[in-house]
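The values are calculated or read from the model by the stated rules, or taken from the named source; none is laboratory data. Note that the structure is a prediction, hence the values are computed from the model and not measured. Heads up, the Cβs are rebuilt from the backbone with ideal geometry, glycines too, and the neighbour counts pull from every protein chain shown. We work out accessible area using only protein heavy atoms, side chains counted, and drop any ligands, DNA or RNA first. Shrake-Rupley method; radii C 1.70, N 1.55, O 1.52, S 1.80 Å.
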Amino acid sequence: DFPSRSPVQRYLQGRTPLNEQTKSSKPISPRTPKKSQSPKSHTIKRVKKKMRNFKVKMAYRGTAYHGFQRQNNAYTVQQAVEEALSSLLGENVTIYGCSRTDTGVHAREFYFNFHTENTITCRGIVFGANSRLGDDIALLSCEEAPEDFHARYLCRGKEYEYIVHNSE
């Protein structure tokens, strides 16, 4: 059996909802020139927002999920986290996990990364996403990562623990 108090349970026990509001920015729309002006008579300044890359550590109990990786025919951990982050950030988010897990598998320390233009803080990501996730998934930490960081390709190792209950 899985230890009586998993990292997810220990973390979630002290979790509080996020009390701060995040601002969502709207894209800048170009102005239409007046009929008397030619399009060259004024300048449209577009500000390109910088994409930010976040590295996130999470833990989950996989009993209710069909593994980590998104699937068309089953609910997965990746889908649950992407829905929570998309709701929080107001944009479609795709997360890139360090690995995959099978149906029913738990993870004590699982990393993923995602990109966003949003100005939210790491604290806002952790508390905001956790308030939108069930009790079996918890984001444990978050940090801004270099633009080229990828959780799968830069993974340094994996550790598996198999617990087998043998009884009659």
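Summarise the accessible area of the range 94-138 (1.4 Å probe, protein heavy atoms) by the percent that is carbon and sulfur. Intermediate results must be reported in sequence, preceding the final value.
On the way: 890 of 2000 Å².
C and S fraction of accessible area: 45 percent.
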Highest mean first, what order results for 57-69, 135-147 on Cβ atoms within 10 Å? 57-69, 135-147
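Please find the FRET efficiency linking C122 to Y162, where r is the Cβ-Cβ separation and R0 is fixed at 41 Å, and quote it to the nearest 0.05. List each step's numbers first, then the result.
Working: r = 33 Å, r/R0 = 0.81.
Given R0 = 41 Å and the Cβ-Cβ separation, E is 0.80.
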Label-point gap, in nm, between D135 and A74 - each point 7 angstrom along Cα→Cβ: 2.4 nm
Taking θ = phi - 60°, what integer Hz values does the Karplus form 6.51 cos²θ - 1.76 cosθ + 1.60 yield along the range 85-90, in sequence order, with x for Gly and Pro? 5, 4, 5, 5, 8, x
Check cross-link reach from K158 to the aspartates and glutamates: straight Cα distance under 20 Å, and skip same-chain residues fewer than eight apart. D102, E109
Average projected area [Cα convex hull, the range 42-168], square nanometres: 10.5 nm²
